[in-house]
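The values are calculated or read from the model by the stated rules, or taken from the named source; none is laboratory data. Small disclaimer: the values here were computed from a predicted structure and weren't measured. Glycine gets a Cβ as well: all are built from the backbone with ideal geometry, and neighbour counts include every protein chain shown.
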Amino acid sequence: MVRHLPETLWCSAKHYAMLQRDRPTGPVDEDAFAEILDAYDEDEVFVHVGLSDVSSAFEGNPYEFVVDHLDERFDAILTPAFTQSFRDSGYFHRKESEPELGAFASLFFDDADYRTADPLHSIQVRGDYRFENCNHRDTFGPDGCYAKLDDDDVRIVNVGTRWLISTQIHYVERVMDVPYVETVDVEGTVYHGGGDHEQVAQTTYDKNKYLYYWDRLKLMRDLMTDGVLDHYDLNGLKVISVSARDLRTALEPRIEDDPYYVVK
């Protein structure tokens, strides 16, 4: 779905590939960005942010700019805090192990109020949203943390990313039992703080077996055709959004028809 902003603010799927290749990010009207976020009325938002493009679009600190706008509109902000080093080290501390993927996640670490106990794909939260009743030992399982995002239909928003970035797709692949991924248990110790720790066997994808890559352009095109994905282009700054449940319900029938639909 493309929202009905002035024509200069959005691009259709037809023009998307060209813009992704050739268009740098330039100055953006802050009111146009605010208008996009104002269209969403969910309480929680799961964000992936490319700070480089945000910095090119707006003056001031790009991290503070995004967080301030999200704080104004959502009760809770969620973002990944992934620590893939656990595969080798077997060590994860919820309060001390810094996120290893993405500048936004690293900066958000100091502002988060809560972090899930998944030593590979943890989620950090600013606000009151919690995952206590989820299975933290099965990364993308049917009763795991990403399942809760689906159950609650959490809004997923990308700001300044080149493509649709959403770890939620891994959850969809898991519940659809796609043939190209296998799971493995990664053993180690999770420290919760205050001396509390536990030995775990974390179920996740077998990284060495996962040799396929998501066909992101096709995914975006088809989700836009279904009317569930919003894609804006603000002078080169991409803002992309879909709800967790809409993502699954749109992908499920396509994966049923072609188990390799998501990948290329």
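Just to check your reading of the model, which residue among Ala103, Ala76 is small (Gly, Ala, Ser), crowded, with 19+ Cβ neighbours inside 10 Å and at pLDDT 95 or above? Don't jump to the end; show me each part of the working.
Details: Ala103 fails: crowded, with 19+ Cβ neighbours inside 10 Å.
Testing whether each residue is small (Gly, Ala, Ser), crowded, with 19+ Cβ neighbours inside 10 Å and at pLDDT 95 or above leaves just Ala76.
If you take the residues of region 214-263 that are among the basic types (Lys, Arg) and out of contact with any Phe, Trp or Tyr (no Cβ under 6 Å at 6 or more places or on another chain), which of them is nearest to Gly50 (Cα to Cα)?
The selected residue is Lys238.
For Glu59, state whether it is more than 17 Å from the chain's Cα centre (by Cα) and more than 25 Å from Ala34 (Cβ to Cβ). Reasoning before the result, please.
Working: more than 17 Å from the chain's Cα centre (by Cα): yes; more than 25 Å from Ala34 (Cβ to Cβ): no.
For Glu59, the condition - more than 17 Å from the chain's Cα centre (by Cα) and more than 25 Å from Ala34 (Cβ to Cβ) - is not met.
Among the residues of region 158-175, write down those that are in a helix (DSSP H, G or I) and of a type in the set (Ser, Thr, Tyr). If you could, list the steps in order and put the result at the bottom.
So in region 158-175, the residues in a helix (DSSP H, G or I) come out as 168-175.
Tyr171 - this is the single residue of region 158-175 that is in a helix (DSSP H, G or I) and of a type in the set (Ser, Thr, Tyr).
Wholly within region 186-264, which strands (runs of 3 or more DSSP E) include no fewer than the required count, namely at least 2 residues that are surrounded by 14 or more Cβ atoms within 10 Å (Cβ to Cβ) and of a type in the set (S, T, N, Q)? Reasoning before the result, please.
Details: elements: 196-205, 230-234, 237-243.
Hits in region 186-264: 196-205, 237-243.
When region 161-182 is examined, which residues are found to be surrounded by fewer than 16 Cβ atoms within 10 Å (Cβ to Cβ) and either free of Cβ contacts under 8 Å to residues at least 24 places away in the same chain or of a type in the set (Ser, Thr, Tyr) (or both)?
Asp177, Tyr180
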